[in-house]
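Here's the structure, in structure tokens; my notes come after.
The values are calculated or read from the model by the stated rules, or taken from the named source; none is laboratory data. Computed from a predicted model, the values in this text were never measured in an experiment. Cβ coordinates were reconstructed from backbone atoms using ideal geometry, including for glycine residues, and neighbour counts include every protein chain displayed. Ligands, DNA and RNA are stripped out before the accessible areas are found, and what is left, the full protein with its side chains, is counted by its heavy atoms. Shrake-Rupley method; radii C 1.70, N 1.55, O 1.52, S 1.80 Å.
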Amino acid sequence: MQQTYIRDLAAQAGQEVELRGWIYNFRSSGKLKFILLRDGTGIVQCVLSKKEVSDEIWQASEDLAQETSVVLRGKVNADDRAPGGFELWTSDLRVVGRAVDYPITPKEHGDAFLLDHRHLWIRSKRQHAILRVRHTLVQAIRDFFDGRGYTLIDAPIFTPAASEGTTTLFETDYFGEKAYLSQSGQLYMEPAAAAFGKVYCFGPTFRAEKSKTRKHLTEFWMVEPEVAFMELPELMELAEDFIVHLVTRALERNRADLEILERDLAKLEAVQKPFPRLHYNDAANTLKAKGVDFQYGNDFGAPDEEALVADYDRPIIVHRFPAAIKAFYMKPDPEDPSLSLSMDVLAPEGYGEIVGGSQREDDLEVLERKIREHNLPMSAFDWYVDVRRYGTFPHAGFGLGLERTVSWITGVRHVRETIPFPRLMHRLKP
RNA sequence: UCCUCGGUAGCUCAAUCGGCAGAGCGGGUGGCUGUUAACCACUAGGUUGGGGGUUCGAGUCCCUCCCGGGGAGCCA
């Protein structure tokens, strides 16, 4: 008999079906048993009556425990008493694999315990909902750029040098040579933009920072578009359209998951164009006016971000950060060379920076001077500066962090729940 | 790296002033034909993170090490 998935059960009312899955929970009242079956597409209640099945089957059902895998057959029945409105009136039950002492019980658990059991934790309802939203967003990211004529040009993971020189890199041995795990694909996107015009890369990136916060992972996914002949104002529009697209898609496809997560959907529905744009100088003044202890010229810390975002119901774009605190490849603002043509998008509700981007320095001499000023080895960047040597052009791009975006859209406070197997400072397993 | 909180049964936690180490869940046994994190009864389950010290007596106080959570810096 063909397997039916729980997701499709409503259309099968009155039919005989076969379900295959795992016991999510079960209750027994003597000669009547209620099994909650999970198959990855949903959860359904299956009823088992001693009167209506053979002794053999009844005996087999005595063996059930949480997460035992089973094949069940029976008739799909509409019943208001069943969660979801449908249940399976079980006629046949076969245990495929027993589960003894499944560690994650229907009661509460601590963070450390759950992270140690991440491989099992992803079976539970809440984690399942989060990871389904992540799946939707990954697809939406690709659809957005593919639909606008971008070419996917994936960047390498093994890289010979730091792209920014600021953050800490994971070092590995590469046949006797030092190699570093990529912390950004951006330097590779610039040559790619010269080749294809509109490009993006989307993959894992690695930061060896010893950060222990709910916004940090040592391995996370980032999508990085780069566009030839694009300047800062259009870049901000691109980021805005992109984010609206992501939120809209999640609302379209994952309403049920967002409800499981108790996300306030009104807050997501408010995410519409245009996003407020704040010049760095104005943002600094706003902080001063709010009495936040902030030094002009610095980057925003978490409390600064929260104070800035508090006045708005949608993401905000802060642009033209001081050049001194930004990467060497960012182009200075012609109106004030102490500032850079950079921008960050800050998510509402305190979820922090989800996008960082800039217009790139496109003048060969200026770029070479900046590499020297940052004490970076010119030899490592010869290929990179070739973009300016052979037909230079204005261009811009940004990076969006997938996990922070999932965290914001799902309303999950900690990014470690937004990636299937998080890599954290003190956690490499499972 | 710094600040801060914590480590007691498989899990989540409690244990008064330093005075017999306990509960719920999970496990086991039995009961229950409409349960919704079902319920009821019984039951097994402990080197209180490791080491050292104070004390008649330490889960509790002191020292030290280990492990983890939250946060900061930095960043997506």
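Taking the conditions exactly as written (within 30 Å of residue A:272 (Cβ to Cβ), open to solvent by 10 Å² or more (accessible area, probe 1.4 Å) and within 16 Å of RNA strand B (Cβ to nearest atom)), does residue A:356 satisfy them or not?
For residue A:356, the condition - within 30 Å of residue A:272 (Cβ to Cβ), open to solvent by 10 Å² or more (accessible area, probe 1.4 Å) and within 16 Å of RNA strand B (Cβ to nearest atom) - is met.
List pairs: first in the range A:136-158 and outside the structural domain of residue A:172 (by TED's automatic domain parsing), second part of a loop (DSSP other than H, G, I, E, B) and open to solvent by 50 Å² or more (accessible area, probe 1.4 Å), Cβ under 6 Å, 6+ apart or cross-chain?
Listed by first residue and then by second, the contacts come to nothing, as the list is empty.
Among all residue pairs at least 6 apart or on different chains, which show Cβ distances below 7 Å where the first residue, located in the range A:315-344, is acidic (Asp, Glu) and the second is within 11 Å of RNA strand B (Cβ to nearest atom)?
A:344/A:353; A:344/A:355; A:344/A:356
Here are some residues: A:196, A:175, A:206. Which one is among the aromatic types (Phe, Trp, Tyr) and within 22 Å of the chain's Cα centre (by Cα)?
A:206
Output the residue which, of all residues in the range A:224-277 that are under 16 Å from residue A:312 (Cα atoms) and open to solvent by less than 10 Å² (accessible area, probe 1.4 Å), is nearest to the chain's Cα centre (by Cα).
Among residues in the range A:224-277 that are under 16 Å from residue A:312 (Cα atoms) and open to solvent by less than 10 Å² (accessible area, probe 1.4 Å), the one nearest to the chain's Cα centre (by Cα) is A:243.
State yes or no: is residue A:404 basic (Lys, Arg), in contact with a helix residue (DSSP H, G or I) (Cβ under 7 Å, 6 or more places away or on another chain) and within 12 Å of RNA strand B (Cβ to nearest atom)?
yes
Among the residues of the range A:335-346, what is the count of those that are open to solvent by 40 Å² or more (accessible area, probe 1.4 Å) and either modelled with pLDDT of 95 or more or of a type in the set (Asp, Glu) (or both)?
Counting residues in the range A:335-346 that are open to solvent by 40 Å² or more (accessible area, probe 1.4 Å) and either modelled with pLDDT of 95 or more or of a type in the set (Asp, Glu) (or both) gives 2.
Keeping to the range A:361-375, report how many residues are surrounded by 17 or more Cβ atoms within 10 Å (Cβ to Cβ) and not acidic (Asp, Glu).
Result for the range A:361-375: 3.
Filter the range A:284-318 for residues that are open to solvent by less than 50 Å² (accessible area, probe 1.4 Å) and polar (S, T, N, Q) and give the result.
The one that is open to solvent by less than 50 Å² (accessible area, probe 1.4 Å) and polar (S, T, N, Q): A:286.
Would you point out the residue of the range A:407-430, among those that are assigned to a helix (DSSP H, G or I) and open to solvent by 10 Å² or more (accessible area, probe 1.4 Å), that is farthest from RNA strand B (Cβ to nearest atom)?
A:417
Return the total of residues in the range A:322-353 being within 13 Å of RNA strand B (Cβ to nearest atom) and under 18 Å from residue A:395 (Cα atoms).
Total meeting the criteria: 10.
Looking at the range A:390-400, which of its residues are in contact with a Ser or Thr (Cβ under 9 Å, 6 or more places away or on another chain) and either near RNA strand B (Cβ under 9 Å from one of its atoms) or charged (D, E, K, R) (or both)?
A:398, A:399
Give just the number: which of (1) without any contact (Cβ under 8 Å) to a residue 60 or more places away in the chain; (2) assigned by TED's automatic domain parsing to the domain that holds residue A:221; (3) within 20 Å of residue A:209 (Cα to Cα); (4) not acidic (Asp, Glu) does residue A:400 not satisfy?
Status for residue A:400: all satisfied but (1).
Looking at the range A:383-406, which of its residues are part of a loop (DSSP other than H, G, I, E, B) and either of a type outside the set (Ser, Thr, Tyr) or touching a Phe, Trp or Tyr at 6+ places or on another chain (Cβ under 8 Å) (or both)?
A:391, A:393, A:394
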